[in-house]
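Asks: Pasting a structure below so you can have a look.
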Amino acid sequence: MKEKKTVNIHRLYAEDPIEADRLLFGRESDPVSRRGFLRRTGLSAMAAVLGGPIVFAEHMPGGLLPALLLQDGNEEALKKLGKHTGLTILNDKPWNIETPAHLLDDEVTPADRMFLRNNGLMPTSIDPATWTLTIDGEAVTKPVSFTLAELKQKFTHHSYRLVLECGGNGRAEFDPPAKGNQWTVGAVQCAEWTGVRLKDVLNAVGVKSNAVYIGYYGGDTHLSGDPDKVVISRGVPMAKALEDETLLAFAMNGKDIPLAHGHPLRLVVGGWPASASGKWLKRIAIRDRVHDGPKMTGDSYRVPCKPVEPGEKVPDEGMCIIESMPVKSVITSPKSGAILDKGRTLELRGHAWAGDLSVKRMEVSIDFGASWQAADLKPAHNRLAWQRWTANVKFPETGYYEVWARATDSSGRSQPMVVPGWNPKGYLNNATHRIAVRVR
Amino acid sequence: MSDDKPIISPEQRAAYDRVNTMLNRLTLVAVGIVVVVVTLMFFPQGLDLGTADQVAATEVPEVDPLEEGIVDGIHVETGFVVDEGWELVRANCTACHSSKLVTQNRADRAGWESMIRWMQETQKLWDLGENEPIILDYLAKHYAPQRKGRRARLTHIEWYELEP
């Protein structure tokens with residue numbers, strides 16, 4: 001890797017904008033009007049940085065950081081959020097950030113490489129000492145609240161690596177386009193979560209036989225600023241809620257959960273759309289019906305129960321809640337765009353996962369799916385964790401290739417090579433991941 | 001940065017100057033359109049051309065695209081295409097979320113309308129009143145769907161030498 005020299009361009013401009021212009025671009029503006037460029041060099045240097053000519057340069061006031069450069073602000077923003085600067089910001093209010101495939105290479109996803117999907121505004125001040133979780137709803141014998149300390153004290157701790165994938169991962173590929181953040185491949189992660197089992201807590205609380213579903217409530221604020229409006233309140237049926245791996249987690253990768261990912265307490269439900277894993281968890285309602293909180297209904301996290309033609313209008317009663325995520329895989333090494341010499345073996349590496357199921361077979365193709373070669377596939381660290389796969393491929397000729405990766409789950413279902421069934425919000429795109437390779 | 005040699009070639013400079021001239025002309029056309037629109041707003045019954053110049057002089061402020069942060073027809077801060085209605089979109093559509101949520105989506109007019117209805121029914125978006133058709137026209141024009149087919153080809157490939 002080449003050393004890249006970095007300057008904090010924003011600080012320079014904040015401290016002395018005119019001097020910053022001179023230092024960075026050799027630009028000197030007319031001392032009286034502070035406009036324009038006295039020396040042409042400044043303009044061309046600035047144009048070179050911006051990647052194009054600057055229109056109306058004579059009107060440009062001195063010390064004005066061209067707004068395009070402000071996009072460097074992305075880097076600052078990512079750092080502030082504790083994110084790797086290679087991540088892609090899809091939306092900055094609310095934060096929606098995705099990870100390029102090659103930054104997902106770690107067995108256990110570190111916090112800085114973890115995609116971020118917020119639906120509202122994050123809580124700003126959290127005091128773990130006074131934080132409580134309330135379990136209530138139609139199907140509890142009586143509502144009970146726990147402090148964080150009580151949860152940690154009263155119940156056995158468990159750790160699991162769990163795949164959390166955004167239901168809309170891959171949305172960008174749907175045609176006609178699907179509404180929402182245009183995720184490509186990187187809205188998935190597998191971190192190690194530590195907490196107590198929801199089922200242990202529910203046993204202590206006492207759940208009635210009419211329990212059907214759980215619904216979480218978190219500490220985020222609606223984008224409209226209305227403090228009483230619930231941002232998102234989703235959940236899962238009791239059977240999923242009572243699985244061993246469904247946790248009330250207070251730690252991620254051995255540390256406190258980062259604020260953006262749900263500090264100080266998060267419901268974690270591996271293998272289902274990550275939106276089922278409520279952040280900043282304050283309350284869980286045990287419902288006597290399918291939970292009907294915001295984003296449980298309409299087109300949100302629901303897909304047509306029966307296949308529809310792309311773009312078709314689907315009546316509300318024809319929509320079904322997404323449960324387990326489908327089988328999928330990603331190539332995490334090499335990064336797309338590798339150039340290699342003929343005769344060289346290319347080592348491939350990635351992860352595969354299958355919602356509630358496991359992956360039983362992993363294959364790669366270098367001829368657009370005409371033939372497939374088996375990859376080496378490791379078992380999961382625990383149920384609902386992703387599985388490591390590796391493969392070595394050789395290319396017969398020089399030229400342009402695409403490497404495609406395809407996983408098959410334990411029930412025999414494989415990833416499709418084209419974008420699967422269209423749905424209004426573009427969920428569940430598990431088409432094979434592809435990278436480009438050039439052999440010379 | 002003390003080197004005084006220009007970074008861009010004379011050809012590029014010439015091209016730049018051409019673009020600059022063109023854009024200046026476009027601005028004149030845009031100002032012209034604004035004049036007509038403003039005129040029609042103030043004098044819906046029409047008026048004799050003799051007063052049009054006066055209107056231009058008094059009613060239309062000089063617009064400086066760079067101070068407004070507009071480069072190549074894009075408002076840099078929001079990423080919105082600068083065209084009729086963009087300021088209404090900026091005013092109504094960046095109050096809750098950033099413009100990035102708008103500019104990354106594509107839909108036809110009906111699709112945009114359904115997103116607006118969804119926000120009005122569930123996310124506290126207000127009634128857009130008489131601005132709604134202007135906003136919808138703008139969105140449908142500049143953020144219209146493009147055909148992708150069942151699977152698009154790989155694009156934006158950054159080629160690099162694979163290390164041994």
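Laboratory data are not the source of any read-out in this text; all were calculated from the coordinates shown. Values in this document were obtained by computation on a predicted structure and should not be read as measured data. Positions of Cβ are generated from backbone atoms using ideal geometry, with glycine treated the same way; all protein chains shown enter the neighbour counts.
Asks: As an exercise, use a Förster radius of 51 Å and the Cβ-Cβ distance of B:Arg151 and A:His157 to find the FRET efficiency, rounded to the nearest 0.05.
Replies: 0.70
Asks: Cα extents of region A:328-439 along the three principal axes, largest first, in whole Å?
Replies: 41, 34, 22 Å, listed from the longest principal axis down.
Asks: Would you compute the Debye intensity of region A:385-424 from its alpha-carbon atoms alone, equal scatterers and no solvent, and pass along log10 I(q)/I(0) at q = 0.33 Å⁻¹ to two decimals?
Replies: -1.22
Asks: Mean shadow of region A:267-376, computed from the convex hull of its alpha carbons, in nm²?
Replies: Its Cα hull, projected and averaged over all orientations, spans 11.3 nm².
Asks: Could you order the peptides A:186-196, A:265-275, B:131-141 from most to least packed, using the average number of other C-beta atoms within 10 Å per residue?
Replies: Put in order of decreasing packing, that is A:265-275, A:186-196, B:131-141.
Asks: Another question, if that's okay. List the GluC sites (Glu not before Pro) within region A:116-188 that DSSP assigns to loop and that have no more than 15 neighbouring Cβ atoms inside 10 Å.
Replies: Sparse-neighbourhood loop GluC sites (Glu not before Pro): A:Glu138.
Asks: Under 27 Å between alpha carbons, and skipping anything fewer than 8 positions from A:Lys142 in its own chain: which lysines qualify?
Replies: A:Lys152, A:Lys154, A:Lys199, A:Lys208, A:Lys229, A:Lys240, A:Lys279, A:Lys282, A:Lys295
Asks: On to the next question. Roughly how many Å is it from the Cα centre of region A:113-139 to that of region A:316-385, as a whole number?
Replies: Measuring centre to centre over Cα atoms gives 32 Å.
Asks: Next up: In whole Å, what is the distance between the alpha-carbon centres of region A:266-309 and region A:165-215?
Replies: First find each Cα centre; the distance between them is then 7 Å.
Asks: Here's something else I'd like to know. Per-residue Cβ counts within 10 Å, from other chains only, averaged over A:330-336: what number is that?
Replies: Neighbouring Cβ atoms belonging to other protein chains average 2 per residue here.
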